[in-house]
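Here is the structure we will look at.
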Amino acid sequence: MSEKNREARRSARERLQQERVAEKSREKRKRVLVVASTVVGVLGVVAVIGVVAAKAGKDGTSDAAGPVLAPSGVSGKDDLAIPVGAPDAPSTLTVWEDFRCPACAQFENAFRSTVHELEDQGQLKAEYHLATIIDGNMGGTGSLRAANAAACAQDVGKFAPYHDELYKNQPAETDDAFAKNSRLLELAGKVEGLESAPGFRQCVEGGDHNNWVNKSATAFRTGGFSGTPTVLLNGEAVFPKKGNENITPDNLKKWVKEANRGKKPGMAPPETTSVG
């Protein structure tokens with residue numbers, strides 16, 4: 001074999017070795033990129049799960065163990081409804097609300113007198129369920145603390161007037177003023193006999209019904225509701241409309257009248273709790 005041929009074969013072997021080295025280098029880089037991409041993807045999934053979990057945990061719920069202390073006189077599934085009005089009224093208005101929710105305040109402030117009128121006539125009873133959705137959306141604990149305070153008011157037979165005061169004095173959605181017990185007690189002073197009612201202040205400051213509120217908040221999250229307020233008349237959604245009709249005070253009265261046709265108004269007095 002000539003020297004020229006041997007040189008050519010040596011060069012060919014060297015080129016082949018270089019190509020193999022280059023190919024191994026490319027494969028190594030590829031594996032590194034795949035591993036890196038996988039790590040980034042996993043971190044991304046963890047981050048998303050963390051955001052979802054954080055939002056779920058911020059809506060007033062707590063993982064703290066402890067007994068669920070329901071307020072006095074509650075009713076409904078799992079004792080999560082606070083009733084207002086004659087218990088034998090022929091129609092029921094079910095309301096899921098959050099005391100920090102601006103739309104809830106708009107509903108309450110627009111329909112308060114109508115709902116109370118129908119309650120006083122024995123045509124309608126209301127069942128309030130308390131949610132904490134704004135705590136999750138905006139951060140803070142005002143939804144939870146206000147709901148606990150309202151439940152404390154239920155214990156002493158003052159839920160309805162205190163509920164109304166909270167909505168009349170609702171802070172801006174971004175202002176977590178209801179997280180302060182001092183503010184909640186200040187508003188209680190606007191309801192005759194509430195602030196001084198035995199046990200009320202201790203109940204508010206101790207968060208006695210926090211776990212019950214958390215249970216209610218969980219029921220809201222898992223109940224398939226689209227938001228607050230959720231308003232149902234005899235189980236049918238009526239907010240913001242019923243069928244093709246928008247909700248108005250006059251329409252609400254009309255719907256209740258239609259539902260109650262041929263039925264006697266409620267006469268039984270609402271359950272009250274002695275504060276003496």
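Within the set Ala110, Ala131, the sole residue that is at pLDDT 95 or above, within 30 Å of Ala89 (Cα to Cα) and out of contact with any helix residue (DSSP H, G or I) (no Cβ under 7 Å at 6 or more places or on another chain) turns out to be Ala110.
Restrict the check to the stretch 114-132 and report whether at least one residue is in a helix (DSSP H, G or I) and in contact with an Asp or Glu (Cβ under 7 Å, 6 or more places away or on another chain). No: the stretch 114-132 contains no residue that is in a helix (DSSP H, G or I) and in contact with an Asp or Glu (Cβ under 7 Å, 6 or more places away or on another chain). Kindly indicate the residue of the stretch 167-218 that is small (Gly, Ala, Ser) and part of a loop (DSSP other than H, G, I, E, B) and also surrounded by the most Cβ atoms within 10 Å (Cβ to Cβ) among those meeting that condition. Restricting to residues being small (Gly, Ala, Ser) and part of a loop (DSSP other than H, G, I, E, B), the top hit is Ala197. Scanning for something closer than 18 Å to Glu236 by Cα, of a type in the set (A, V, I, L, M, F, W, C), assigned to a helix (DSSP H, G or I) and touching a helix residue (DSSP H, G or I) at 6+ places or on another chain (Cβ under 7 Å), does the stretch 81-100 turn up at least one residue? Checked the stretch 81-100: no residue is closer than 18 Å to Glu236 by Cα, of a type in the set (A, V, I, L, M, F, W, C), assigned to a helix (DSSP H, G or I) and touching a helix residue (DSSP H, G or I) at 6+ places or on another chain (Cβ under 7 Å).
All told, Val191 falls short of being within 27 Å of Ala110 (Cβ to Cβ) and within 20 Å of the chain's Cα centre (by Cα).
Of the residues Ala103, Ala65, the single one that is more than 14 Å from Ser216 (Cβ to Cβ), surrounded by 15 or more Cβ atoms within 10 Å (Cβ to Cβ) and either modelled with pLDDT under 95 or within 22 Å of the chain's Cα centre (by Cα) (or both) is Ala103. Restricting attention to the stretch 224-242 and to residues that are open to solvent by 40 Å² or more (accessible area, probe 1.4 Å) and in contact with a strand residue (DSSP E or B) (Cβ under 9 Å, 6 or more places away or on another chain), the residue that is modelled with the lowest pLDDT turns out to be Phe225. Residues in the stretch 87-99 that are open to solvent by less than 10 Å² (accessible area, probe 1.4 Å) and closer than 17 Å to His163 by Cα: Leu93, Val95, Glu97, Asp98, Phe99.
The values are calculated or read from the model by the stated rules, or taken from the named source; none is laboratory data. What you see is a predicted model, and the numbers here were worked out from it, not measured in a lab. Heads up, the Cβs are rebuilt from the backbone with ideal geometry, glycines too, and the neighbour counts pull from every protein chain shown. Only protein heavy atoms, including side chains, enter the accessible area calculation; ligands, DNA and RNA are left aside. Shrake-Rupley method; radii C 1.70, N 1.55, O 1.52, S 1.80 Å.
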